[in-house]
Every structure is written in C-alpha cells, then in structure tokens.
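The values are calculated or read from the model by the stated rules, or taken from the named source; none is laboratory data. Just so it is clear, the structure is predicted and the values come from calculations on it, not from any experiment. Because the Cβ atoms are built from the backbone with ideal geometry, glycine has one as well, and the counts that use them run over all protein chains shown.
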C-alpha cells in the first residue's frame, strides 16, 4: 500500500487492504477513477470482529494540489462507533462526498482508512452534512486518531482522481465557490 502514500498523514501503513467497491468498480491500491464514478458511497469490506467498534475515514491529503497542500487534509467521510462492519449502524460525523479535485490540480489521492476503536466513543465534532464543505479542510486523521486513542489504522485502500465535469455539481452541493 505504501508505494503511492506518504507518511505525512499517518504514522504506520495498515496491515490489511480494505475492500472498496463503487458498484462494479473495485479500488485497487491506486487505480484511477473519475469523480462521477465515485459520487455515491462505496461498499466497504474488512475482517471486522462483530463484537468490536470501528472508525472509518476517507480523506484527500492533496488539497488544493499535491505539491502545495495548504488545506491538507480535506475529509470526505467520517463514521465512528461502527459495530462490526455495519457502517450504516455507525455514528456519522461527516456525510460522504465523493472525489472533487479542483480543475487543473492533477491527480489527488483519496485514502480510506479503518481504525479499531478502544470502545464506544463520545465524539465532540460537529456533524458535517453533504451540503457543507466548510469544516472539512485542514483535517488531520493523525491528530483525530491521537485525540480518540485509536492507534494505527488496521485496514486501508486508496484511489486517484482528477477533475471532471461532475465536480462543479459537487462544489455547488457543498456551497464551495471556486
């Protein structure tokens, strides 16, 4: 998993590859998708213990572009207190929004990580809906994991995406002006 990731946002690479499918499209450690293809939440699979709780994070560390990531990271999805692999039963902290790299900024990495929680957590973060981009920028999964004593991610995967004609629709939905 490490060949296209930098350790700037996590300390240790996950042991396991997270299964990620957008319909019939499978994420394979760095393959490329168009934002229109990943506009809806994916189906995720990992070796989850049904007796444990997990946290899911999807983040883009390359905002506005990989060589100048002044808004690192922009988080796209954050769900905690997931019982086993039942994401729909977890506590949504940030609603899913798909890839939306700015025009002309090249490929962005979209990282999906799973953490095993030490138990049920009481999060104090404001819930971010699909209607807001504000509050998603300058996120740090490293700091978030430390705050809640999550340790290192246990599973992960990533894909690449760059701007397409769908992105302006996503920005409008999130009230982001370009």
What is the residue count in region 102-125 for residues that are surrounded by fewer than 16 Cβ atoms within 10 Å (Cβ to Cβ) and either farther than 18 Å from residue 86 by Cα or touching a residue at least 60 places away in the same chain (Cβ under 8 Å) (or both)? 9
Among the numbered conditions (1) in a loop (DSSP other than H, G, I, E, B); (2) more than 23 Å from residue 165 (Cα to Cα); (3) in contact (Cβ under 8 Å) with a residue 60 or more places away in the chain, tell me where residue 142 comes up short. (1)
Would you please name the residue that is modelled with the lowest pLDDT, looking only at residues in region 162-178 that are loosely packed, with under 14 Cβ neighbours inside 10 Å and part of a loop (DSSP other than H, G, I, E, B)? 178
Out of 99, 85, report the one residue that is in contact with a strand residue (DSSP E or B) (Cβ under 6 Å, 6 or more places away or on another chain), in a loop (DSSP other than H, G, I, E, B) and touching a residue at least 40 places away in the same chain (Cβ under 8 Å). 99
Are any residues in region 12-54 in contact with a helix residue (DSSP H, G or I) (Cβ under 8 Å, 6 or more places away or on another chain), at pLDDT 95 or above and under 14 Å from residue 115 (Cα atoms), and if so, which ones? 44
Only one of 93, 44, 128 is touching a residue at least 12 places away in the same chain (Cβ under 8 Å) and under 20 Å from residue 13 (Cα atoms). Can you tell me which? 44
Whether any residue in region 65-72 is outside any loop (DSSP other than H, G, I, E, B), surrounded by fewer than 18 Cβ atoms within 10 Å (Cβ to Cβ) and either at pLDDT 95 or above or on the phi > 0 side of the Ramachandran plot (or both) is what I want to check. no
Is at least one residue of region 73-83 in contact with a helix residue (DSSP H, G or I) (Cβ under 8 Å, 6 or more places away or on another chain), surrounded by fewer than 19 Cβ atoms within 10 Å (Cβ to Cβ), at pLDDT below 95 and under 17 Å from residue 152 (Cβ atoms)? no
Which residue pairs have Cβ atoms under 7 Å apart, sit 6 or more places apart or on different chains, and have a first residue in region 19-34 that is on the phi > 0 side of the Ramachandran plot and a second that is in a loop (DSSP other than H, G, I, E, B) and modelled with pLDDT under 95? 29/1
Given (1) at pLDDT 95 or above; (2) in contact with a strand residue (DSSP E or B) (Cβ under 9 Å, 6 or more places away or on another chain); (3) surrounded by 13 or more Cβ atoms within 10 Å (Cβ to Cβ); (4) farther than 21 Å from residue 42 by Cβ, residue 147 misses just (2)
